[in-house]
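The values are calculated or read from the model by the stated rules, or taken from the named source; none is laboratory data. Note that the structure is a prediction, hence the values are computed from the model and not measured. So basically every Cβ, Gly included, is an ideal-geometry build from the backbone, and we count neighbours across all protein chains shown. The accessibility values were calculated without ligands, DNA or RNA, using every heavy atom of the protein model including side chains. Shrake-Rupley method; radii C 1.70, N 1.55, O 1.52, S 1.80 Å.
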Amino acid sequence: MPKTLLVADDSLTIRKVIGMVLALEDLQITAVDNGIDAIARAREMRPDLVIADVLMPGRSGYEVCETLKSDPSTASTPVLLLAGNFEPFDEARARAARADAHITKPFESQAFLDRVRTL
């Protein structure tokens, strides 16, 4: 049975790149383009991993992570935050939100794949 992955990023390009990088993995990928939908879909589908952009409409990736980690039904779901190299990544905020890891965009495909497999 495939693992489920929720990708939340307002960039269609990043969502497509993630889909291509993970195409050969046994994953069922669901993608949304804002933080509000990310929280709703995560609660509904209980994915094995959430990948969330730190800057997106509705709720930031930090807020998505914090909300999911505070909810007993999704608290154990790993969250990987995506940060652009042009935007500062807030380590303290990520720690406070209990993010499991982060990676900077643009990312090297193998490094991203390794991080996803680890989580």
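Which one, Pro88, Pro57, Pro106, has the greatest fluctuation when you compute a Gaussian network model over the chain with C-alpha springs under 10 angstrom?
Pro88
Round to the nearest 10 and report in Å² the accessible area of Asp10, as given by a 1.4 Å probe over the protein chains' heavy atoms.
Accessible area of Asp10: about 80 Å².
What number, rounded to the nearest 500 deg cm²/dmol, is the helix-based mean residue ellipticity at 222 nm of the chain, given -39500 (n - 2.57) per DSSP H run of at least four residues and division by all its residues?
For the chain, the value works out to -11500 deg cm²/dmol.
Excluding ligands, DNA and RNA, what is the solvent-accessible area per residue of the chain at a probe of 1.4 Å, expressed in Å²?
53
With a 1.4 Å probe and all protein chains in place, put Ser60, Ser70, Ser11, Ser76 in order of accessible area, largest first.
The most accessible residue leads, giving Ser76, Ser70, Ser11, Ser60.
To the nearest 10 Å², what's Met20's accessible area with a 1.4 Å probe?
Ignoring ligands and nucleic acids, Met20 comes out at about 140 Å².
How much length, in nm to one decimal, is gained on full extension between Phe86 and Thr13, taken as 0.36 nm per residue of separation minus their Cα-Cα distance?
Length difference between fully extended and current span is 24.6 nm.
Express as a percent, rounded to the nearest 5, the fraction of DSSP beta bridges in the chain (both residues included) that run antiparallel.
Once the DSSP bridges in the chain are tallied, antiparallel ones form about 0 percent.
Would you rank Asp37, Asp26 by solvent-accessible area, highest first, keeping every protein chain in place and using a 1.4 Å probe?
Solvent-accessible surface, decreasing: Asp26, Asp37.
Under a Cβ-only charge scheme (Lys and Arg +1, Asp and Glu -1), can you give me the dipole magnitude of region 30-119 about the Cα centre, in debye to the nearest 20?
So the magnitude is around 200 debye.
In the chain, what percent of the accessible surface is made up of carbon and sulfur (1.4 Å probe, ligands and nucleic acids excluded)?
Here it works out to 51 percent.
Given Cα pairs under 8 Å that are at least 6 residues apart, what percent is the relative contact order of region 41-119?
Once normalised by length, the contact order is 30 percent.
Return the single residue from Leu24, Leu82, Leu55 with maximal mean-square fluctuation; model: Gaussian network over the chain, springs between Cα atoms under 10 Å.
Evaluated over the chain, the most mobile residue of the options is Leu24.
With N set to the residue count of the chain, report its C-alpha Rg divided by 2.2 N^0.38 Å to two decimal places.
That ratio works out to 0.94.
Give the long-range amide H neighbours of Val7: residues separated by 5 or more places, or on another chain, with amide H under 5 Å away, using H modelled in the peptide plane at 1.01 Å from N.
The answer is Thr30, Ala31, Val32, Ile51.
Given contacts defined as C-alpha pairs under 8 Å and at least six residues apart, what's the relative contact order of region 1-87, whole-number percent?
With pairs under 8 Å counted, the relative contact order is 31 percent.
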